[in-house]
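Heads up, the thing below is written out as C-alpha cells.
The values are calculated or read from the model by the stated rules, or taken from the named source; none is laboratory data. Note that the structure is predicted; figures quoted are calculated from it, not measured. Cβ placement follows ideal geometry from the backbone for every residue including glycine, while neighbour counts extend to all protein chains displayed. These area figures cover heavy atoms from the full protein model, side chains too; ligands, DNA and RNA do not enter into them. Shrake-Rupley method; radii C 1.70, N 1.55, O 1.52, S 1.80 Å.
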Amino acid sequence: MITPRRQFLAMGGGLGAALLFSPSIKAAPAVTIEMRGTSRGERIWFAPVGLAVSPGTTLRFVNRDKGNSHTATAYHPANFDRLRRIPANAAPWDTGFLLPGESAEIVLEVPGVYDYYCVPHEMAAMVGRIVVGKPSDAGFEGPAPATDDVTAEVLDAFPSVEAIIARRRIGPLPG
C-alpha cells in the first residue's frame with residue numbers, strides 16, 4: 001500500500017514532469033545586452049544601448065570585449081552613493097566586474113525607465129537605458145531629470161524613451 005507521503009511525492013513528480021515538458025509554460029529566453037569594445041580599447045559600449053522589455057523579463061549582460069572587464073550598474077544610492085535613475089520601487093543591481101566571456105542576469109519587474117552604467121567606463125559614456133513596460137502602465141516612472149551627478153556627455157548617450165519605445169532596441173549609437 002502506498003503511504004500518503006509516497007502518494008504525494010508520486011503526484012508531485014508527475015506534476016513536475018508535466019510542467020517541464022509543457023510547451024505553454026516554458027520560460028522566455030533571456031534578452032542579451034552585450035558589453036563591447038574596439039580591439040585597442042579606444043571605444044566601449046553596451047549593445048543595445050536602449051532596450052524596451054516587458055516587466056519580468058530576464059536580462060543577461062555578457063562581456064564580449066576581449067580586452068576589458070565591465071560592470072552593468074544601476075544608478076542608485078546603494079551603488080556607490082549615486083543619484084537614483086531607476087524607478088523608486090525597483091531593486092538596484094550591480095553585476096560586479098565581468099571578465100571577458102562572463103555574464104550576469106537580472107530581472108526587472110517594476111515599470112519605468114532604468115539607466116545604468118559601467119563603473120570603470122562611465123566617463124567614456126558607456127551607459128544604457130532600459131524601458132520596462134509602457135508609460136500607460138500603473139506606476140510607470142519616467143526618466144530621471146538631468147543632474148550634475150552625470151556629465152552632459154553621459155546624458156547625451158542615453159537614447160530617448162520615445163525612441164526606445166518606438167524601435168524596441170537601439171544601438172549602439174554612432175560616435
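Spin-label pair residue 134-residue 89: with each label point 7 Å from Cα along the Cα-Cβ axis, the two points sit 1.9 nm from one another. On the accessible surface of segment 38-111, probed at 1.4 Å, how many percent belong to carbon and sulfur atoms? The computed percentage sits at 49. Local charge for residue 39 was computed over the other residues whose Cβ lies under 14 Å away, with Lys and Arg +1 and Asp and Glu -1, and equals +3. Over segment 56-175, the pair-distance histogram of Cα-Cα distances with 10 Å bins from zero comes to 13, 46, 37, 5, 0 percent, rounded to whole numbers.
When +1 charges are put on Lys and Arg Cβ atoms and -1 charges on Asp and Glu Cβ atoms, the dipole computed for segment 80-133 relative to its Cα centre reaches about 220 debye.
Accessible area per residue (1.4 Å probe, heavy atoms of protein chains only) ranks 158, 97, 140 as 97, 140, 158, with the largest value leading. Separation of segment 124-175 and segment 69-88, taken as the distance between their Cα centroids, equals 14 angstrom.
Residue 97 label point, 7 Å along Cα→Cβ, cut-off 12 Å on backbone N: hits in segment 61-76? Once the point is set 7 Å along Cα→Cβ of residue 97, 68-71 turn out to lie under 12 Å by backbone N, inside segment 61-76. Accessible surface for segment 128-175, divided over its residues, is 58 Å² per residue with a 1.4 Å probe.
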